[in-house]
Amino acid sequence: MDSTILITVIMLGVLAATLAVVLYIVAQKFKVVEDERIGETENILPGANCGGCGYTGCHAFAEALVNADDIAAMFCPVGGNATMVKIAEYLNKKVETKDSAIAVVRCAGSCENRSRVNEFDGAVSCAVMAATYSGDTDCSYGCLGRGDCVSVCNFGAIYINGETMLPEVDEDKCTACGACVKACPKLIIELRKKGTKSRRIYVSCVNKDKGAVARKACKTACIGCAACRKACGFESILIENFLAYIDPNKCRLCRKCVEVCPTGSIVELNFPPRKPKVEIQEQKTNNLNSENATN
Amino acid sequence: MIKTFKKGGVHPPENKISRNAALEQLKPDGIVKIFTSQHIGAPAECIVAKGDQVKVGQLIAEANGFVSANVHSSVSGTVLGIENVADYQGIKKPAICIQVEGDEWEENIDRSPEINRDLSKTSEEILAKITEAGLVGLGGATFPTHVKLTIPKGKTAKAIIINGAECEPYLTSDHRIMLEKGEELLVGVQLLKKAVNVDKAYIGIETNKQDAIDNLTKLSKKYSGIEIVSLKPKYPQGGEKQLIKSITGLEVPDRALPIETGCIVSNICTTFAVYEAVQKNKPLFENSITVTGKNLKVQKNFIVRVGTPLSKLIEAAGGMPQNTGKIISGGPMMGRAISNTDAPTLKGSGAVLFITAAEAKRGTKSNCIRCSKCVVACPIGLQPFLLYKLAELNMLEELKENSVHACIECGCCLYTCPANLPLVDYIRLGKTRAMKLIVKPK
């Protein structure tokens, strides 16, 4: 009786010891050595795994950061400059600070501005709809409103406004990862420079039809009349295919184009309310004076 | 013996309510708009300019490369210019706009009603005529006919199969051609046989068109090597691969062309157009279009000049019926909804169908319970429920592995789905996206 227990204990003990040795040898032999900096870098990254950097996730991006000689072109849109500076310090590499960006929806074709001419009853997806036909309004460029951008957003930063049926971006949540830009089949969403105090001016239309056709389809369409280009003192407005585009790098946020646009397709965001006309005049002269002074 | 294919398929209510309406010419007037791209392949290049006078049948856009087709004027008059015109899906494409003035035809077109039975032309001559006439497959795919009839090196054709199945509900234009233009059709078949050097031709017709079967059987006694095959009505029998399977029992391998089985399939309307192009020198500028619908005042089978606005066809059939829920270009299974009735007709237009509001409404979507009805219905042997899910999740590699490229978008799966899932919507999207992966590595 005693010997049975003893034999069992010895047998199992020997077996355990042998297996432990085997496991140890195998573990040593097939050990994967990963640069420990990768793990550390990953810890600095926000861990959103959104793919906004162009890699499959934060781990892949961390690996790329560690292995690359020059990381100036790499950027984590979620973490922004602060994260990149931290990583650069840790890895002893150089980064360039970038202007922070934000997604803007370049369509103002709300139900009111752009009447629906037919009804789409297929699958609720912009991609399916765009592959089927030109859309449920006369504008074949505008937003389809089925929310593909909403479903791809990892941060809950874009939502469909129930009244206008157009997507709207939540400025505090948007990280400029670019997922919505890729998801939109009509290429309406653009990543734009966030601007000082989040002030932005952009053309909220992508219709390339002739003015009359575009205007007929939507009240706030850009008709390519070039009034904004004439008003702009900084040559920041390009007009191509009857469509204006404001270059964010040249735009000085003077808001003159917004005032002259006959269809109201140029949108200004986060500006303080305009002062009454007289004061504007004064301010203009002041501005001119100060410009002259700087020149 | 009545034949059919085994795998999958459905049999929706036939609704061939326009079957007794004789073919009717629709006179052109106003402005016609002719797209330079009405076929698969490169768009044709426009060779007329604003202000030019054109005649009926005059070449106005030249084929651009081998896989492309000539486009001819369908009317006589003045060219108003080349504009971007919205097609029936609202998508803008360049089109040649012509103001109709009179009806003056090119001199070399034979307009006499006599049937030209002369079969002395050589295979090359026939092919040249077909290329010149800008013929495309009129079954819906609009693949240039001369490309289809050019047999790849190392392959031999054994038989021509003429597709008279017309398995889509509502459509009757092929049926009317078989009844009214039977003799011309059979000459067309002989010409096709000669063009590809084969002695055997089959004409497959579903038994719901018994009068067409009788008519062609009677007429075909005069011609050697034409066999009329009765087919059991079943959708999608008119699909190329299904028709070959039904008639010859041969299976076209995955990712292969029908020529692998030695068969070349041609549509009824295309065959009739071959007759007109070769024997009458008449390019493809008009085609037969069924205008039908349960609430429509009069059912019509028109012969329409290419480029006529759809609204004119609708007007000629008594106007749009009340409580129309959807207008479809083509049949109810594979046709696409028309969102713009000002759009011009195309070479490949086959029907304008009015569906009532009640019929047009899709059922409420619910969850897939893996009942596998779609798998049973799929004539290709795919798993639609799986492809649907993969396409929704944009899993392109997996779509590729599950042969999404083989889908013919026939809609049998959607027709049988008890959960009303938008299967074809997503599979079509997934197919387009995955095809980019499949084609790239070459």
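Selection of region B:399-428 for residues being assigned to a helix (DSSP H, G or I) and within 19 Å of B:Arg362 (Cα to Cα) yields B:Cys412, B:Cys413, B:Leu414, B:Tyr415, B:Thr416, B:Leu423, B:Val424, B:Asp425, B:Tyr426, B:Ile427, B:Arg428. Listed by position, the strands (runs of 3 or more DSSP E) contained in region A:87-197 that have at least 3 residues being hydrophobic (A, V, I, L, M, F, W, C) are A:101-105.
Restricting to region B:209-251, and then to whatever is of a type in the set (S, T, N, Q) and part of a loop (DSSP other than H, G, I, E, B), can you tell me which residue is farthest from B:Glu409 (Cα to Cα)? Outline the logic, then answer.
So in region B:209-251, the residues of a type in the set (S, T, N, Q) come out as B:210, B:215, B:217, B:220, B:224, B:230, B:237, B:242, B:246, B:248.
Still in the running and part of a loop (DSSP other than H, G, I, E, B): B:224, B:237.
Numbers: B:Ser224: 36, B:Gln237: 13 Å.
Looking at the filtered set, the residue picked out is B:Ser224.
Please verify whether A:Val213 is surrounded by 15 or more Cβ atoms within 10 Å (Cβ to Cβ) and over 22 Å from A:Leu253 (Cα atoms), treating the condition exactly as stated. For A:Val213, the condition - surrounded by 15 or more Cβ atoms within 10 Å (Cβ to Cβ) and over 22 Å from A:Leu253 (Cα atoms) - is met.
Is there a residue being within 26 Å of B:Ser366 (Cα to Cα), within 11 Å of chain A (Cβ to nearest Cβ) and either in contact (Cβ under 8 Å) with a residue 12 or more places away in the chain or touching a Pro at 6+ places or on another chain (Cβ under 7 Å) (or both) anywhere in region B:431-442? Checking region B:431-442: at least one residue is within 26 Å of B:Ser366 (Cα to Cα), within 11 Å of chain A (Cβ to nearest Cβ) and either in contact (Cβ under 8 Å) with a residue 12 or more places away in the chain or touching a Pro at 6+ places or on another chain (Cβ under 7 Å) (or both).
Which of the residues that make up region B:52-108 are without any contact (Cβ under 8 Å) to a residue 12 or more places away in the chain and either farther than 23 Å from B:Lys129 by Cα or under 23 Å from the mean Cα position of the chain (by Cα) (or both)? Residues satisfying the conditions are B:Asn84, B:Ile91, B:Lys92.
So, in region A:198-235, exactly how many residues are part of a loop (DSSP other than H, G, I, E, B), aliphatic (A, V, I, L, M) and touching a residue at least 60 places away in the same chain (Cβ under 8 Å)? So the count comes out to 2.
Given the options B:Ile130, B:Ile126, B:Ile98, name the one that is more than 14 Å from chain A (Cβ to nearest Cβ), in a strand (DSSP E or B) and surrounded by 17 or more Cβ atoms within 10 Å (Cβ to Cβ).
Of the residues listed, the single one that is more than 14 Å from chain A (Cβ to nearest Cβ), in a strand (DSSP E or B) and surrounded by 17 or more Cβ atoms within 10 Å (Cβ to Cβ) is B:Ile98.
So is A:Glu112 within 14 Å of chain B (Cβ to nearest Cβ), at pLDDT below 90 and over 25 Å from A:Lys193 (Cα atoms) or not? No: the conditions fail for A:Glu112.
Taking the stated definitions as given, is A:Asp148 within 9 Å of chain B (Cβ to nearest Cβ) and within 24 Å of B:Gly363 (Cα to Cα)? No; evaluated as a whole, the condition is false for this residue. Just a yes or no: is a residue in region B:67-83 within 14 Å of chain A (Cβ to nearest Cβ) and surrounded by fewer than 20 Cβ atoms within 10 Å (Cβ to Cβ)? Yes, the conditions are met somewhere in region B:67-83.
Yes or no, residue by residue, for (1) surrounded by 21 or more Cβ atoms within 10 Å (Cβ to Cβ); (2) among the acidic types (Asp, Glu); (3) touching a Lys or Arg at 6+ places or on another chain (Cβ under 8 Å); (4) not assigned by TED's automatic domain parsing to the domain that holds A:Gly264:
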residue	(1), (2), (3), (4)
A:Lys86	no, no, no, yes
A:Glu96	no, yes, no, yes
A:Ser110	no, no, no, no
A:Asn118	no, no, no, no
A:Cys143	yes, no, yes, no
A:Arg146	yes, no, no, no
A:Val152	no, no, yes, no
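Number of residues in region A:120-130 that are within 8 Å of chain B (Cβ to nearest Cβ) and touching a Lys or Arg at 6+ places or on another chain (Cβ under 7 Å) equals 2. Suppose the filter is in a loop (DSSP other than H, G, I, E, B) and at pLDDT below 90; does A:Asn49 pass it? The answer is yes for A:Asn49.
Here B:Ala61 meets each of (1) within 14 Å of chain A (Cβ to nearest Cβ); (2) within 30 Å of B:Thr150 (Cβ to Cβ) with one exception, condition (1).
The values are calculated or read from the model by the stated rules, or taken from the named source; none is laboratory data. Note that the coordinates shown come from a computational prediction; the quantities given were computed from them, not determined experimentally. A quick note on method: Cβ atoms are made from the backbone with ideal geometry, for glycine too, and the neighbour counts reach across all protein chains shown.
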